[in-house]
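Below is one structure; the comments refer to it alone.
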Amino acid sequence: MSTPNLAWYSHELCFWHDPGPGSGYVPVGPGVEPLRQFAVDPDLRRAEGLVKASGVMDRFTGVTPAPASDEDLLLVHVPEHIERIEATSAIGSGDVGVYAHVNYHSAQAARLAVGACVQATTSVLEGRFDRAYCLVRPPGHHAEPDRAMALCLYNNVAIAARAAQRHGVHRVLILDWDVHHGNGIQRAFYQDPDVLYISIHQEGLFPAASGLVMETGAGTGAGSTLNVPLPAGTGHEAYLAVINRIVEPAARAFGPGLILVAAGVDASGHDPMGRMMCTSRTFHALTSMMCRLADELTAGRIVFAHEGGYSAWYQPMLVLGIASAIAGLPAPQDPFLHSLDHLPGQRLQRHQSRVIEHLTAHHPLLAHRPSAVGPRAGADDE
């Protein structure tokens, strides 16, 4: 097999966005002392630096994205939402939604994050690249059409999916393995039969009561949403089992022409914003599996976009694991692996497999029950 043509999208201004002082994602207020936020973006610059220092970046063509246009943003968001972000960023600071603080550079950084994902998607669809990775901030999967939420301003991956549809792709698969549920992506496509949204997340973490197994789409989109809420403490083997037993068969039943991955790394065992056990080896394996699935179903067309990741010391290694897999390289040497790999949660536990068994038996795409979503012969042969 020939070496894939890979693209790496990033922009310095994405690192200039700052979610403001606070504690975790909570802004300064009563009982909240000003601290360094988990989501400050020098950590992301360090991640890019490690990919360069390792030599893996040499396998990619670096691309500097242009800011997304209003036309792009309006594929998902209402005008008032865009105006709120632009106006608040212009005055230097403020909260534009629910735990969604901005600074002077945030509006431009958010447009660049969307622009990277849209332009990466378009480039892959037009054959300029086989695979692409977008190392961007702010993240996007919590952002809803009319409000920002939890550090997310615009919904980068949702807009990229709409851009793919605008480009003529009939069916898009979005896999979201961020530790939090992507309520914004789900809301954008809950009634769309041509976008299959699969979310693997920690059960009951954030948002509260979001991402339940019974949320499977509505109307013509019935069956187009597939939530896999895993219990806290879930690790390597369970995540791979979800790909094998849930994602792959659902994708084959759906028949996408493009795969987008909301590739947060906050399900790691060192992340302060979740309670999962994944390692760089886990993210390398997940990425490799999805690239193989893209080779099988979409002529290799797949785009990864960074979402959450809040461990200052471990996030760079996790991004390197994903980048190495996209490039078809072995998993990197991970000096932190020994502290996580031996823990019992890394093996598939009975209580972790229950949600997999439930979905296999009950979700329309997996249980072979009639639904509004089903394979469309030849829909994405272009």
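The values are calculated or read from the model by the stated rules, or taken from the named source; none is laboratory data. As the structure is a prediction and not an experimental result, all values here were calculated from the model. Here Cβ is always computed from backbone atoms with ideal geometry, including for glycine, and neighbour counts include all displayed protein chains.
Identify, by number, the condition in (1) within 20 Å of the chain's Cα centre (by Cα); (2) at pLDDT below 85; (3) crowded, with 20+ Cβ neighbours inside 10 Å that Val40 doesn't meet.
(3)
So Leu173 passes all but one of these: (1) in a helix (DSSP H, G or I); (2) under 26 Å from Cys291 (Cβ atoms); (3) aliphatic (A, V, I, L, M); (4) touching a Leu at 6+ places or on another chain (Cβ under 8 Å). Which condition number does it fail?
Checking Leu173 against (1) in a helix (DSSP H, G or I); (2) under 26 Å from Cys291 (Cβ atoms); (3) aliphatic (A, V, I, L, M); (4) touching a Leu at 6+ places or on another chain (Cβ under 8 Å), the one that fails is (1).
Within the range 355-362, is there a residue that is touching a Pro at 6+ places or on another chain (Cβ under 7 Å), outside any loop (DSSP other than H, G, I, E, B) and at pLDDT 95 or above?
Within the range 355-362 (the criterion being touching a Pro at 6+ places or on another chain (Cβ under 7 Å), outside any loop (DSSP other than H, G, I, E, B) and at pLDDT 95 or above), the answer is yes, since at least one residue qualifies.
Only one of Val76, Val114 is surrounded by 22 or more Cβ atoms within 10 Å (Cβ to Cβ), within 18 Å of Gly184 (Cβ to Cβ) and in contact with a Gly (Cβ under 8 Å, 6 or more places away or on another chain). Can you tell me which?
Val114
Given the options Arg252, Arg275, name the one that is closer than 13 Å to Gln202 by Cα, surrounded by fewer than 24 Cβ atoms within 10 Å (Cβ to Cβ) and modelled with pLDDT of 95 or more.
Arg275
Per-residue answers, yes or no, for (1) free of Cβ contacts under 8 Å to residues at least 40 places away in the same chain; (2) closer than 30 Å to Asp192 by Cα; (3) of a type in the set (Val, Ile, Thr):
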| residue | (1), (2), (3) |
| --- | --- |
| Ala285 | no, yes, no |
| Asp295 | yes, yes, no |
| Ala327 | no, no, no |
| Ala331 | no, no, no |
| Ile356 | no, yes, yes |
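Pro207 is checked against (1) in contact with a helix residue (DSSP H, G or I) (Cβ under 6 Å, 6 or more places away or on another chain); (2) closer than 27 Å to Gln108 by Cα; (3) not in a loop (DSSP other than H, G, I, E, B) and fails just one. What number does that condition carry?
Of everything listed in (1) in contact with a helix residue (DSSP H, G or I) (Cβ under 6 Å, 6 or more places away or on another chain); (2) closer than 27 Å to Gln108 by Cα; (3) not in a loop (DSSP other than H, G, I, E, B), Pro207 misses just condition (3).
Checking Gly127 against (1) touching a residue at least 60 places away in the same chain (Cβ under 8 Å); (2) not in a helix (DSSP H, G or I), which test does it fail?
Against the list (1) touching a residue at least 60 places away in the same chain (Cβ under 8 Å); (2) not in a helix (DSSP H, G or I), Gly127 comes up short only on (1).
If a residue must be over 24 Å from Ile82 (Cα atoms), surrounded by fewer than 24 Cβ atoms within 10 Å (Cβ to Cβ) and of a type in the set (A, V, I, L, M, F, W, C), how many such residues does the range 148-182 contain?
Of the residues in that region, 1 qualify.
Out of all the residues in the range 283-319, which are under 16 Å from the mean Cα position of the chain (by Cα), farther than 22 Å from Ser2 by Cα and aliphatic (A, V, I, L, M)?
If the condition is that a residue be under 16 Å from the mean Cα position of the chain (by Cα), farther than 22 Å from Ser2 by Cα and aliphatic (A, V, I, L, M), then Ala305, Leu318, Val319 are the ones that fit.
Do we have any residue at all in the range 306-328 that's buried (at least 22 other Cβ atoms within 10 Å of the Cβ), touching a Cys at 6+ places or on another chain (Cβ under 9 Å), of a type in the set (Phe, Trp, Tyr) and closer than 22 Å to Arg137 by Cβ?
no
Restricting attention to the range 227-256, which residues are without any contact (Cβ under 8 Å) to a residue 60 or more places away in the chain and either of a type in the set (Gly, Ala, Ser) or part of a helix (DSSP H, G or I) (or both)?
Ala232, Leu240, Ile243, Asn244, Glu248, Arg252
Inspect all residues belonging to the range 43-55 and state whether any of them is buried (at least 22 other Cβ atoms within 10 Å of the Cβ) and of a type in the set (Gly, Ala, Ser).
Within the range 43-55, one or more residues are buried (at least 22 other Cβ atoms within 10 Å of the Cβ) and of a type in the set (Gly, Ala, Ser).
Take the range 213-226 and flag every residue that is part of a loop (DSSP other than H, G, I, E, B), in contact with a strand residue (DSSP E or B) (Cβ under 6 Å, 6 or more places away or on another chain) and over 19 Å from Arg350 (Cα atoms).
Glu215, Thr216, Gly217, Ser224
Select, from Ile200, Ile185, Ile259, the only residue that is assigned to a helix (DSSP H, G or I), crowded, with 24+ Cβ neighbours inside 10 Å and in contact (Cβ under 8 Å) with a residue 40 or more places away in the chain.
Matching residue, one of Ile200, Ile185, Ile259: Ile185.
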